[in-house]
Amino acid sequence: MIQKLINSIFKNTNIFYFFRNLVHNNFIKEISIVSRELSLNKKTLDFGCGIGQYSILFNKDNYLGIDVNKDNIEYAKRRFDREFKQIKNIKDIKNKFDQILSIMTFHHINDNELKDIFSKLKNILKNNGKLLIIDHLEVNSQPNIIGKFMLSKDRG
């Protein structure tokens, strides 16, 4: 019952973004890591871009944000002047990228699908490219009670 309620609430992109800001302290740590580890000007794929909040860290001509959620992509397109695409499968991406970013995505995906996704990501990452993954650790490592609760009810 609680799981269905959480899933239905988070289908609303605005509510989801509000909670993510709250749980992730306005993404300060994530932005710091991305800014330090990736280049502004290299060709970048943001895998599971969500609402596109990290897109502003990259040159708009070299950025592509992808997500399976249509509402997230529409929100990102309205809010940020970058390229965003809704995809059903990673094999729909044909370009090669210098760097791939994925933040808070993989904990939503089951292990069997992850193996396939990592194989596909390897194929679209250029030689000597960089893959940066930032994701949740275990529930007890979350910094606040809201984060602990939300992660304990998450899928994947």
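The values are calculated or read from the model by the stated rules, or taken from the named source; none is laboratory data. These numbers come from a predicted model, not from an experiment. Positions of Cβ are generated from backbone atoms using ideal geometry, with glycine treated the same way; all protein chains shown enter the neighbour counts. We work out accessible area using only protein heavy atoms, side chains counted, and drop any ligands, DNA or RNA first. Shrake-Rupley method; radii C 1.70, N 1.55, O 1.52, S 1.80 Å.
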Subject >> Point-charge dipole on Cβ atoms (K/R +1, D/E -1) for region 31-96, about Cα centre, debye to 20 >> reply: 200 debye
Subject >> Surface accessible to a 1.4 Å probe, GLU30 within the full protein complex, Å² >> reply: 10 Å²
Original post:
At a probe radius of 1.4 Å, what is the per-residue accessible area of GLU37, in Å² to the nearest 10?
Top reply: 70 Å²
Subject >> For region 113-124, 3J(HN,Hα) per residue [Karplus equation, 6.51 cos²θ - 1.76 cosθ + 1.60, θ = phi - 60°, Hz, x = Gly/Pro] >> reply: 5, 4, 4, 5, 4, 4, 5, 5, 4, 4, 5, 9
**OP:** Using the Cα centre as the reference, give the magnitude of the dipole from point charges on the C-beta atoms of region 33-144 (Lys, Arg: +1; Asp, Glu: -1; all else neutral), rounded to the nearest 20 debye.
**Re:** 500 debye
Original post:
What share of Cα pairs, in percent, lie more than 13 angstrom apart in region 25-64?
Top reply: 49 percent
Original post:
Relative to the present Cα-Cα distance, how much length would full extension add between ILE56 and ASP135 at 0.36 nm per residue of separation?
Top reply: 26.5 nm
Subject >> Per-residue ³J(HN,Hα) for region 86-92, Karplus 6.51 cos²θ - 1.76 cosθ + 1.60, θ = phi - 60°, Hz, x for Gly and Pro >> reply: 7, 10, 9, 8, 4, 5, 6
Original post:
From a point 7 Å beyond the Cα of LYS42 in the direction of its Cβ, which residues of region 71-88 have a backbone N at a distance under 20 Å?
Top reply: 83
Original post:
Efficiency by 1/(1 + (r/R0)^6): what FRET value for VAL68 and LYS96, r their Cβ-Cβ distance, R0 = 22 Å, to the nearest 0.05?
Top reply: 0.55
Original post:
Going 7 Å from the Cα of ARG78 in the Cα-to-Cβ direction, what parts of region 51-66 have a backbone nitrogen less than 17 Å from that spot?
Top reply: 51-53
**OP:** Using just the alpha carbons, could you tell me how many Å³ per residue the convex hull of region 39-118 encloses?
**Re:** 86 Å³
